[in-house]
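Student: Here it is, the structure in full.
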Amino acid sequence: MDHPLVARLRKQRRRLLVSYVVHVLWFLAMVLTAIFHASRAVATTSIWLALITVPPVIVYAARVHRTCRAIDPMARSIGLVPMILMTVFLTPFESGLIVPAKNLLVSAKLLARMREQSRVGVP
């Protein structure tokens, strides 16, 4: 039977992945409106829609980070404070693109390791 933290991480990772994909799609839509010189209203709308998708991505990435660290305190996921610093010093788009990708990779490796350990029978 799975450890409760592993089940929680799977659920949180799935939510992060969905919110991340939505954010990336709106980010690409925003870039395309700039490339094709869309009207000011369309460009403004696409920017706002892309910005609206950042907070859920950051929240889910922070939750994945906490759960990864609860399972493995040495996990190399990125927490809330670095995300906030990246948002302030870079842009919300970088923090919404880079950090979730890192946490998705770390959580995937951690889940794979936990799956391998449970298959081998290591506690």
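The values are calculated or read from the model by the stated rules, or taken from the named source; none is laboratory data. This one's a predicted model, so the numbers in the text were calculated from it and none came from an experiment. Virtual Cβ from ideal backbone geometry, glycine too; neighbours counted across all protein chains shown.
Student: If you scan the stretch 65-123, which residues turn out to be within 17 Å of Val24 (Cβ to Cβ), free of Cβ contacts under 8 Å to residues at least 24 places away in the same chain and not acidic (Asp, Glu)?
Tutor: If the condition is that a residue be within 17 Å of Val24 (Cβ to Cβ), free of Cβ contacts under 8 Å to residues at least 24 places away in the same chain and not acidic (Asp, Glu), then Met86, Leu90, Thr91, Ile98, Leu105 are the ones that fit.
Student: Yes or no: the stretch 78-88 includes at least one residue that is surrounded by fewer than 16 Cβ atoms within 10 Å (Cβ to Cβ) and more than 30 Å from Arg113 (Cβ to Cβ).
Tutor: So far as the stretch 78-88 goes, yes, one or more of its residues are surrounded by fewer than 16 Cβ atoms within 10 Å (Cβ to Cβ) and more than 30 Å from Arg113 (Cβ to Cβ).
Student: Please work out which one of (1) loosely packed, with under 13 Cβ neighbours inside 10 Å; (2) closer than 17 Å to Ala101 by Cα is the condition His37 fails and give its number.
Tutor: For His37, the exception is condition (2).
Student: Then there's this: From the residues in the stretch 40-55 that are of a type in the set (Gly, Ala, Ser) and more than 28 Å from Leu105 (Cβ to Cβ), which one is surrounded by the fewest Cβ atoms within 10 Å (Cβ to Cβ)?
Tutor: Step one: filter the stretch 40-55 for residues of a type in the set (Gly, Ala, Ser), giving 41, 43, 46, 50.
Add one more test, that the residue is more than 28 Å from Leu105 (Cβ to Cβ), and what stays is 41, 43.
On the way: Ala41: 8, Ala43: 15.
Across the stretch 40-55, the extreme among qualifying residues is Ala41.
Student: What residue, among those in the stretch 9-45 that are more than 23 Å from the chain's Cα centre (by Cα) and of a type in the set (A, V, I, L, M, F, W, C), is modelled with the lowest pLDDT?
Tutor: By that ranking, first place goes to Ala38.
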